[in-house]
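Everything below concerns the one structure shown next.
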Amino acid sequence: MTDVTRTNVTITVDGHSLEAQPGELLIEVAERAGSYIPRFCYHPRMEPVGVCRMCLVEVDGPRGATLQPACYLKVTDGMNVTTGSDKVKKAQDGVLEFLLANHPLDCPVCDKGGECPLQDQTLAHGSGETRFVEEKRHFVKPIAIGELVLLDRERCIQCSRCTRFASEVAGEAQIAFAGRGDLIEVAPSPTQPFDSIFSGNTVQICPVGALTAKPYRFSARPWDLEQVESTCTTCAVGCRVAVQSSGNRLTRVLGVDSEPVNHGWLCDKGRFTLDSIDGDCDSRDVLSAATRITEPMVRIEGELTPVSWGVALGEAARLLHEAGGADAIGAIGGASLTNEGAFAWERFLRGAIGSENLDAQFGDGLDPVLLQSLPLASIDDAANAPVVLTMTGDLREELPVLFLRLRESFAHHHHTLIELASAPSALRSLASHVLAVRPGETSVIAQALVGATLPVGTLVSESELDAARAALGDGSGVVIVAGRANAAEDQRLVDHAIATLARGLPRAKFLVALRRSNVRGALDMGLAPRLRPGRGFDAASAGRDTHAQLVAMADGTQRTTVVLGGCVIGNVVDVALAARALTAANVIAVTGHGGATLAFADVVLPASVQHERTGTVTNLEGRVTAVAPKISAPGSAWPDVAIAAELALEWGEDLGLGSVELAAQVLEETTGYAALSVLQDQAYDGVVMGMNVTPVARHAMDPMAFPGIRSTKTVGLGDSTGTTTLLDATSGAVTLGATVADVVIAPVDVPLADAYALRLVLARRLYDRGIAMQGSPDVAALVPETTLTVHPRDLDHLGLASGAKVKVRAAATDFEISVLTDETVLRGTCVAPLGTLVDGVNLVASMVDFSSPVTQLRLETP
Amino acid sequence: MASLDAPRIVSSRRDVADSFTLNRYLETGGYVALRRALTMFPEAVAAEVDKASLLGRGGAGFPAGRKWSMLRRSPISYLVVNGDESEPATFKDHYLVERDPHQLVEGVIIAAYALQVTQAFIFLRGEFALGLERVQQALNDAYALGALGSKIFGSNFSLDIVVHPGAGAYICGEETSLLEALEGKRGFPRIKPPFFPAVTGLYGEPTVVNNVETMSNLPWIINNGGEAFAALGAGRSTGTRLFALAGDVKNPGVFELEMVKNSFRDIIFDPALGGGLAEGRTLKAFIPGGVSAPWFGPDQLDTPLGQDEVGALGSMLGSGSIVVMDDASCVVRATWRITKFFSRESCGQCTPCREGSGWIERIMYRLEHGGGRLEDLDLLLDLCDNIAPGLSWPPQQTTICVLGPSIPSSVHSALSMFRDDFVAHVNHGGCPHD
Amino acid sequence: MSHFRADIRQRAEELVALYPRQRSAMLPLLHLAQEQDGYLSDEGIAEVAALTGTTPADVRGTASFYDMFHLEPVGRYVVGVCTNVACLLAGGEELLEHASSTLGCAVGATSDDGLFTLEETECLADCNLAPCVQVNHRYVRTTTPATFDAMVSDLREGRLDHDVPRHGTLIRVKRQGGLRVSKDDIAAERAEALAARTARAEAAAAAAAAQENK
Ligand SMILES: Cc1cc2nc3c(=O)[nH]c(=O)nc-3n(C[C@H](O)[C@H](O)[C@H](O)COP(=O)(O)O)c2cc1C
Ligand code: SF4
Ligand code: FES
C-alpha cells in the first residue's frame, strides 16, 4: 500500500505540483491527484505493458516534449507532464479511433453494453462519426474457449489483460496471443481448453465484451442490476465481492479489490456457483445438495414432512429435553454460520443448555486450542515474508486466492518457499526447498527442522534438511502456512508437527490454512471443546470433538445432536461411523440445502445462506468482514441467529439475541470482538482480531480496472469508495486465552512403511461434490472423474499404463478405480481426491484405514 | 565518377568461389586478427573499434565502440548478433553469412573478447537456410581449430557461440524483439525505457546487440588498426559499407563502397556498379535506406553516401539498401506494397501500428485497385500523423517501437512528391498504369 | 513417450542444453518438430511445451507469430514468391500469378496432389535476383515464368531433392564441439581478467597522476 507520507519526488502535472514516491507510475500519481488519464491495457494489479497507447501524455525530455505512456512511466523528480494539450488529445483520439476501426458495432446485443469502458470512452471522447469505410475484421462469433468462458474475437482490443492474467497472475498460460499484426487473437490450445479455476477473472477484467462467462451471458442487462458489497464465503480466504442481482435473482459475483485480501481476484467456484444459492426450491428431493430447503420439516411416520416453524421448533426443543442432560446433547458443524449465528448457537448450546460437546470442524481439521494459540500471520505477512514454509494441501485447490497471493510472492519477488508435502502442489515449481514426506512423516521432519536428528528411512536428505534449517533460522521473518494436507493421516500427527514448529521457532508466525468458510469465526465464537466466545479458552473444561460425538451418538451416550449447516455424511471421512451415529441419535439439522444427512434428520430447520444474510465472518487470517444480503431467502428460511434465539425460547431461555444486530452488540460488549456496526460504518477491508492494524486508504475504484462494479447501482451496505480507517483491534478486549504451552499433543506411532503398499494421500480438490458444486450445473461439469495418481514406477510392475483401471485392496473393501501416473507423486504413495465419487459411491470411507494413523493401499491388476 | 580505390573490407573474398570454407579463409588471412586481438588487452581491442568510429550497420547507425563502452559500468553478460535482415530490399547480411561466415565468426569472437562475454548468440533469419548451415559449419570448424570454445588459442579466454534461427518475422530485427525471440517468446518489441538492451537485455541482463556487417568489419580493423578504418570515409561515416542496390537498375547487387566518397548517383549509374536504368527510362524516385526511410527524388542524387549527409536531407541511410524506381513504375503501387508489408509485419501489440497499418494498407489498396476517394488522401495523412505525430523526421511516435513511425515514411513521401499520381488513381478508378 | 523420432529427440535435448534457459530453445525446437511432421502437429507442440517448460497454448501462440511455422499440414514443397517492393518492380506479382496457375492452387493453398503449397512472401533478401523464389526456404533463383515451370518439373521429378530438402532448416548441419568448460572455471577466468583490468586501470591512473605532479 502506498504510504502517502513518505514522499520524496515532486512532479508537475498540468502546472500543478504533486508529491510522489520515486518509482510510482505516472498514471497512479496523476489519478491520486484527481487527473484521470484514459487507459485500457493498464490494470493496477498487473505489471504495466503500455501496449494500448490510450494513456499517452506529453512529458518533457531532453528532446522536447514527447508522448509517453503514463501507465508505464515511472515518475522522477522534476518530471513535467501535460495531460490535456492538443497533441495529447489528438493522440488519444487517434488511438480510440484505431481501436474502434475493427470493433463491431454490436453494443445493443453485447453483454458488456452499459458497463463497457470502450463504450464509455467512445461516448466521452469519440467523434461519433467513423472514417473507417473498409470491411471490418471477421472472426467466427463467440467460441467457447473453456467450459465457462466464451470469446468473441471481433470485439477484442488486444489489451492483453486476459493473457497476462493467465501467465502472470495465475501462472498457467492456457490462453495466449496467436497470430500477428491485426490478425492477432487470444487463443487456447486445441488440446487444452481454458479450464483454469481462475478463468472468471479474465472475464471480469476484459474491458470490452470479448470474454463473457457462460453462467452470466444474456442473464441480465447492467441497468437492471443492483449490488451489495460482501464477502465470499465459499472458502476461508474471504474475498471481497460485489454481489449483483436482478430483482430477487442473483446474477453475478464480481471481485472487489481488497488490499489485504484478494486484490480483486476470485476463483471460479466462488464466482460461478450462484446457482446453488438460488438453488432448486421446488425440488422435494431433500437428499440432494442441489435442493434448497425452504420450509421447516419434521419426521412423521418415517417421512420428513413440512410443518410450521412453531411445530418444528417445538419438536426440536422436545428432542433436546428428551436427551436427558447437557452431556447427552452436542452439536456438529457451524463453519458455515456467520459469527453472530455461531455466537447465538454457542450461547444456546453451551450457555443455556450447558453442553461442551461442540465442534465446528468435521474431524478433518486441526486441534482447536492449538489453532487459537498460534501467533498469527496475515495474508499480507505471508505474501511479504522472506521465507515461507508450507505444510498444507495444494493451496490452489484449497484456498485459491491465497495461492494467487503467495504465488506472486515467490514468482515475482523471489521469496523463499520451503514446501513440506506428501503430494505435488501448484506452488512446487516455485519452491526453493522441497521436503518430501510420506504420509505419517510430517511430524518427525518437523522435529528434525527444529534440531532433532533426522531419523533413518525418510526421503529427506541431510543436505536438504540443512538448507531448510538455514533458511528458517530462528523463525524471524518466517511464516508457516499450516493446514491439513491429508485426510487419511491422523490429525494428531499434523497437530504435533505444528506444535513442534511453534515451540522450536518461537519467532515464526502461522497462517492456518483451514478451508471451510467461517471456521475461524466459529472457533472464535467457541464452537469447539474448551474454547469460549471472543477467541477465549477455558483450560478446565472438556468436551467431545466431532469424532468423539459420533462415537457417543453411536453408543447411545449422546442422544440428541444439532447439525449446524454442512452435511455430516458428506464431510466426515468415516462415513460408516457417521451413518451409525446419525441413525442412533436424534438429529436436528439446521441447513439451507438438502444432503445425505437429512436421511437421518428428525427435524429440519431451513436457514438462509451466503448472499441472503447480514452479519460478519472471520477469514483464515482472523480478519472480520461484513457480509450483506442481496436477495431474500426463499420460502420461510430464517437467519442462523433467529433460529438459535427462537429455539432457545422454545427450550425455555431468552438469549437476548433476537436479531443479528442484537447478537453483534452483545458479542462486542461481552468479548470485544469486532462488531457488525463498526464494519458497516467504517471498515471496508475488515478488522484483524488480535493484531495491529494501521489505517488503510481505500483506492477510488477505477471503472477500467473493475468494469461492471462502478457501473452498477449499489444498495444496502455503504458505497465501496472513500478512505476508511481500520480499528486497532489490539485495543479491543479480545481474550486470547491459550498459548502454545497449553497445548499437549501426544506423539503418535506410525507403522513402518510396507514395501508392497502405497501410502494414501487424500487431498482436497476445489471442484469437489460439495453443495456449491452440486447445485451449479455449469461448474459441476468441471468436476473431474475420481482417480488414483501414482508415480509411474509404482505402476510399472503391474504392467499397467496411465489411465488403466486398477484393483485397490484397502482395509475395508476392494474396489476398482482408474489410475493415472505423475512423476511428481512420491514413490510409495498414491494420491486421491477427498470427497469425489466413483459410480456415485463415496469411496473415501472404504479407502481409509481408520485403525491406523496412515493408510496403506495395495494395487493389483483387475 | 565513383571512387572505387578503397580496400574491400568485408567483401574481400568476393571473387573466391569457396570463400565460405575454413581452408580458403585461413589461406586468405583468416583468424590472424583474432590471434592478434588475444595478445592485446580487451580494452585495447575495444579502443581500436572506438578509434575506427565504426557505426552500426543494422540501421540505427550507433557507434559500436560507444555502445560497448557506454555499458562498461556493469559487465556485459551476452553478445547477440543481429542477422535477421528482413528490411525489404536489404540483402547484404545475406551475402555475408553465406559467402564469408568465418569472417563473421571471427568478428564475433573478437567482439566477445573485447566485451569479455563468454556466451554469444548469432540470430539468423530463419529463411537463410543455407546461411544457417554455413555459419554453423564455420562455428564447428572454429571449435575444431581452437578458435572457439575453451581457452581460445591457448589464451585465458573461453567463448561459446550458438546460432539461433529466426522463423519468419520482420520485427525480430528490432533488437528487443529479437531478444524476446531468443528467449523463446513471441517477437513483441519491449517497451522503453530501458532504452538499451545493454542495461536490461537477454534474460534481463546487460547485452550488446550488433549487426552482422558490424561484426564482419572487426577482423580488418584489428589487422589494420582503427585509424586506418577511420581514415576512410569522412565525418562520422568512416570506413566502407555494403550497399544493396535493387529495383529498376541494370545491375542490382551488393557493393562495398567507401562512405561519403560516393554518391547515390555513383552507385546507381556507375557502369561498375548499378549500371544505370534500363534504356530510355528516367529516374522517378529512390529509397535511400530501406523502406522505412523517406524517399528521395532525382534532386538528391548527388547526396554522398554518408549517415549525416543523408540525415540532413530528412531521410536515413538505414540498412544500406537503395531501391530505384524509374518513370514506368507506379509509385502508388509501390507505396501500397510497402504498407502491405508493414501491415503484415506489425507485431500487433500496440494499437496505432496494429490498426493503423491495416487501415492505411486498405486505403492504399483501394487507391491502387479502384475505389479510392479524394478525401482518402487527407485521411491517409491524418492516420499517418496519428502514428507519427507531426510527420517530421526523425519521427515522433505514438507506438512502442519504430516500426510504427516507419509506416508513414513511404505514404508521406509518395503523397508529397507525387500527389498528382494519387489524384490520377482516384480519377481513373484504379491504377492508370494497368 | 516421445512423439519425436529418436534422432530428433536427441537433437532437441542437445538444443535445450545449449541455452541458459530452456525456453530459449523454442524456435529451433519448432523447426525440428516441423522437420519431422512437415507442420506443427498437436503432438509436436505438446512435446515442445514439455521441453521448454511451457504450455501448449503458449507454444502455439508463439509459433503462430512466425511465418515459417505451419499450424496446419502443408504440401511437400512450400513455394514462396516474393512480391515486396524490389520484386514488385521486377514482376513479382505476375510471377506469383503464374505460379498459382502452374501449381494449380491459390495463394495460401495447397495443390490437390498435396505436393505444393503456394505462399506470397515478404522480402527474401535476394533482391538482385528478383523476383525471388524459395522452396522450403531454399533459394531456387528462378525469375521468369519459364524457369519457374522448369523448376517445378524438376521438383516433381525429384531432380532437386538434394537442393530442396524437406521442411525444417536445421537438420543438415549439426553443432559439433562446444564450450565444455565448467561455469566455475569461466567465473574464475572472468574474475582473473577483471582483476587484471582493474589493476591496469589503477596503474594507468597512478601514472597519469605522477605525470601531472611532475
Ligand atoms: C523494425 C526494425 C527492424 C530492424 N531490423 C534489423 C535487421 O534486420 N538487422 C539489423 O541488424 N538491425 C535491424 N534493426 C536495428 C536493430 O534494432 C539494432 O539497432 C541493430 O541490430 C544494432 O546493431 P548495430 O548497432 O550493429 O547496427 C531493426 C530495427 C527496427 C526498428
Ligand atoms: S510499433 Fe508495431 S511492431 Fe512496434 S511494438 Fe507496436 S505494434 Fe509492434
Ligand atoms: S498503454 Fe497505458 S493504459 Fe494501455
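Charged side chains reduced to their Cβ positions (Lys and Arg at +1, Asp and Glu at -1) give chain A a dipole of some 1200 debye around its Cα centre.
Mind checking B:397-405 for the average number of partner chain beta-carbons within 10 Å of each residue's beta-carbon? The partial results should precede the final answer.
Numbers: counts 5, 10, 4, 6, 0, 0, 0, 1, 0.
Mean number of neighbouring Cβ atoms from other chains: 3.
Quick check on region B:331-428: what does the Kirkwood estimate of hydrodynamic radius come out to from the alpha carbon pairs, in Å?
On the way: mean 1/r = 0.0769 Å⁻¹.
Computed over Cα pairs of region B:331-428, the Kirkwood hydrodynamic radius comes out at 13.0 Å.
In region B:199-243, the C-alpha radius of gyration followed by the widest Cα-Cα span (Dmax) gives 13.7, 39 angstrom.
Around A:D654, with a cut-off of 15 angstrom between Cβ atoms, what is the net charge of the other residues, counting Lys and Arg +1 and Asp and Glu -1? Show your work: numbers first, answer last.
Values: positive: A:R347; negative: A:E646, A:E650, A:E653.
My count for the surroundings of A:D654 gives -2.
Comparing B:V423, B:P352, B:T339 along the charge dipole axis of region B:331-428, the residue lying farthest to the positive side is B:T339, per the Cβ-charge model.
Which FRET efficiency, nearest 0.05, do A:S17 and A:H413 yield, Cβ-Cβ r, R0 30 Å?
It comes out at approximately 0.40.
Ordering B:P304, B:F20, B:P405 by Cα displacement along the dipole of chain B toward the positive end leaves B:F20 in first place; charges were set at the Cβ atoms of Lys, Arg (+1) and Asp, Glu (-1). With q set to 0.25 Å⁻¹, the log10 of I(q)/I(0) for region B:298-377, from the Debye formula over equal scatterers at the Cα positions, is -1.09. If R0 is taken as 35 Å, the Cβ-Cβ distance between B:D15 and B:A312 corresponds to a FRET efficiency of 0.45.
Taking every DSSP helix (H) stretch of at least 4 residues in chain C, weighting each as -39,500 (n - 2.57) and dividing the sum by the residue count yields a mean residue ellipticity at 222 nm of -15500 deg cm²/dmol. Considering only DSSP beta bridges where both residues belong to region B:22-230, give the percentage that are antiparallel (nearest 5). The answer is about 10 percent antiparallel. Look at the stretch B:176-188: the mean tally of other chain Cβ atoms within 10 Å of its residues' Cβ atoms is 6. Across the cross-link table entries A:K214/B:K185; A:K136/A:K713; B:K67/B:K192, which are compared at the Cα atoms, the separations over 27 Å belong to A:K214/B:K185; A:K136/A:K713. The convex hull drawn around the Cα atoms of region C:6-63, when projected onto a plane and averaged over every direction, covers 3.3 nm².
Given only helices, namely DSSP H runs of n ≥ 4 each adding -39500 (n - 2.57), what is the per-residue ellipticity at 222 nm of chain A, to the nearest 500 deg cm²/dmol? Walk me through the numbers on the way to the answer.
Details: 27 runs with 212 residues, N = 862.
-6500 deg cm²/dmol, from helical runs alone.
Relative to the longest principal axis of the Cα atoms of chain A, helix A:400-411 runs at roughly 60 degrees. A simple packing score, the average count of other Cβ atoms within 10 Å per residue, orders the peptides B:427-434, B:223-230 as B:223-230, B:427-434, with the highest score first.
Counting only DSSP beta bridges whose two residues both lie in chain B, roughly 45 percent are antiparallel.
Could you check how many percent of all C-alpha pairs in the protein assembly as shown are farther apart than 56 Å? The partial results should precede the final answer.
Numbers: 372121 of 1139295 pairs.
Value for the protein assembly as shown: 33 percent of Cα pairs lie more than 56 Å apart.
Suppose every K and R has +1 on its Cβ and every D and E has -1 on its Cβ; what is the size of the dipole of the protein assembly as shown about the Cα centre, in Debye to the nearest 20? The dipole of the protein assembly as shown has a size of about 2080 debye.
For A:C239, the residues 5 or more places off, or on other chains, whose built amide H falls under 5 Å of its own are A:C232. Less than 5 angstrom separates the built amide H of B:S158 from those of B:K151, B:I152, all sequence-distant by 5 or more or on a different chain. The residue among B:G280, A:P48, A:M704 whose Cα reaches farthest toward the positive pole of the charge dipole of the protein assembly as shown, with charges on the beta-carbon of Lys, Arg, Asp and Glu, is B:G280. As a rough guide to protection, the peptides B:363-371, C:168-176 ranked by mean Cβ packing within 10 Å, highest first, stand as B:363-371, C:168-176.
For region A:611-679, GluC sites (Glu not before Pro) meeting the loop criterion (DSSP other than H, G, I, E, B) and having at most 16 other Cβ atoms within 10 Å: A:E653.
Hey, got the average number of other protein chain Cβ atoms within 10 angstrom for residues in C:185-191?
Values: counts 3, 7, 1, 1, 8, 7, 0.
Mean shielding by partner chains, rounded to a whole number: 4.
Using bins of 5 Å that start at zero, the share of Cα-Cα pairs per bin across region B:1-61 amounts to 4, 13, 15, 18, 21, 20, 8, 1, 0, in whole %.
Placing +1 on each Lys and Arg Cβ and -1 on each Asp and Glu Cβ, with no other charges, gives region A:1-118 a dipole about its Cα centre of roughly 200 debye. Put simply, region A:145-246 fits an ellipsoid with semi-axes of 26, 17, 12 Å; these come from the alpha carbon gyration tensor as the roots of five times its eigenvalues, largest first. When each of the peptides A:201-209, A:126-134, B:195-203, A:541-549 is scored by the mean number of other C-beta atoms lying within 10 Å of its residues, the order from highest to lowest reads A:201-209, A:541-549, B:195-203, A:126-134. With R₀ set to 45 Å, the beta-carbon distance separating B:A278 from A:T130 gives a calculated FRET efficiency near 0.50. The ratio of the alpha-carbon radius of gyration of region A:368-457 to the globular-protein estimate 2.2 N^0.38 Å is 1.13. Over all other residues within a Cβ to Cβ distance under 12 Å of C:L115, the charged ones net out to -1, with Lys and Arg as +1 and Asp and Glu as -1.
The relative contact order of region B:233-326 comes to 33 percent, based on Cα pairs under 8 Å that sit 6 or more residues apart.
Where both bridge residues fall in the protein assembly as shown, DSSP classifies roughly 55% of the beta bridges as antiparallel. Just to be sure I understand the curve: with the Debye formula and one point per C-alpha of chain A, what is log10 I(q)/I(0) at q = 0.05 Å⁻¹? Log10 of I(q)/I(0), two decimals: -0.28.
Reported to two decimal places, what Rg/Rh ratio describes region C:40-117 when computed on Cα atoms with Rh from the Kirkwood expression?
On the way: Rg = 16.1 Å, Rh = 14.4 Å.
Answer for region C:40-117: 1.12.
Provide the three semi-axes, in whole Å and in decreasing order, of the ellipsoid equivalent to region C:77-157 as defined by the square roots of 5 times the Cα gyration tensor eigenvalues. Can you show the working numbers first?
On the way: eigenvalues 69, 31, 24 Å².
Taking √(5λ) for each eigenvalue gives 19, 12, 11 Å, largest first.
Between amide H atoms placed 1.01 Å from N, distances below 5 Å from A:I300 occur with A:T305, all of them 5 or more places distant or on a separate chain.
Eigenvalues of the alpha-carbon gyration tensor of region B:233-326, scaled by 5 and square-rooted, set the equivalent ellipsoid semi-axes at 19, 14, 11 angstrom, largest first.
Calculate the tail of P(r) for chain B: the fraction of all Cα-Cα distances greater than 29 Å, expressed in %. Mind showing how you got there, number by number?
Details: 42970 of 93961 pairs.
Roughly 46 percent, rounded to a whole number.
Considering helices alone, the calculated mean residue ellipticity of chain B at 222 nm is -12500 deg cm²/dmol, with DSSP H runs of length four and up weighted by -39500 (n - 2.57) and normalised per residue.
Bear in mind these aren't lab numbers, they're just calculated from the coordinates by the rules spelled out. It should be emphasised that the depicted structure is a prediction, and the values quoted were computed from it without experimental measurement. A quick note on method: Cβ atoms are made from the backbone with ideal geometry, for glycine too, and the neighbour counts reach across all protein chains shown.
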